[in-house]
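Accompanying notes for the structure given below.
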Amino acid sequence: MSEAKKTKSVLTHKEQLLELVSPDTLGCIWVGEKPLESKEKPFGWFDYLFNGALENHLYQGNLGPKTFFSTPQYGGLLFLGHIEQNYPNTDKAYEEFLSLMKSPNETKRVLLISSVPQLFSSQLFKKKKDFDFVNLLY
């Protein structure tokens, strides 16, 4: 596997994200510019993909700078870690998300999604050789 791949792909609509999610996708790490409750652009995409779990999470009043979700997908689980861009220790949050993403098979592709490409240049992603990271912008 490899470190976070540099990409010029910019996700502009939900269908582009849905095309990237396949049986080989273990999960996504989404760094948002704003808190989850602001429902910035990819919120609706992920809420659709996770069967309304994000909206339900907000409805229950569960607010915070980082959140972790999972949903059944392709006979296993698909994971999503959301973190606010200004979170004080992003590397620790990334590490926590990756430790929670478990797969019973060889699925290890993780989509890294943010509006700022430099957010995923962390040394952590370079060290995690057992994951295949795909860096995407929105």
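Just so it is clear, none of the values below were taken in a lab; they were calculated from the coordinates. All figures in this text were calculated on a predicted structure; none of them were measured in a lab. Note that we place each Cβ from the backbone using ideal geometry, even for glycine, and neighbour counts take in every protein chain shown.
I need the full set of residues from the range 7-60 which are among the β-branched types (Val, Ile, Thr), farther than 24 Å from Tyr87 by Cα and surrounded by 14 or more Cβ atoms within 10 Å (Cβ to Cβ), in order please. Answer for the range 7-60, where residues must be among the β-branched types (Val, Ile, Thr), farther than 24 Å from Tyr87 by Cα and surrounded by 14 or more Cβ atoms within 10 Å (Cβ to Cβ): Val21, Thr25.
Remark: Phe46 matches the filter, which requires a residue to be over 15 Å from Val134 (Cβ atoms) and in a helix (DSSP H, G or I). Being surrounded by 15 or more Cβ atoms within 10 Å (Cβ to Cβ) and of a type in the set (Val, Ile, Thr) is the requirement here; does Val116 meet it? Taking the combined requirement at face value, the residue does not satisfy it. Of all residues in the range 61-107 being closer than 23 Å to Glu33 by Cβ and among the β-branched types (Val, Ile, Thr), which is surrounded by the most Cβ atoms within 10 Å (Cβ to Cβ)? Restricting to residues being closer than 23 Å to Glu33 by Cβ and among the β-branched types (Val, Ile, Thr), the top hit is Ile83.
Considering (1) touching a residue at least 12 places away in the same chain (Cβ under 8 Å); (2) over 20 Å from Gln123 (Cα atoms); (3) part of a strand (DSSP E or B), say which one Pro72 fails and leave the rest. Pro72 satisfies all of (1) touching a residue at least 12 places away in the same chain (Cβ under 8 Å); (2) over 20 Å from Gln123 (Cα atoms); (3) part of a strand (DSSP E or B) except (1). Of the candidates Leu111, Leu124, the single residue that is in a strand (DSSP E or B) and out of contact with any Pro (no Cβ under 9 Å at 6 or more places or on another chain) is Leu111. In this structure, is Thr67 in a strand (DSSP E or B), more than 26 Å from Pro117 (Cβ to Cβ) and either among the β-branched types (Val, Ile, Thr) or in contact with a helix residue (DSSP H, G or I) (Cβ under 9 Å, 6 or more places away or on another chain) (or both)? So Thr67 fails the test.
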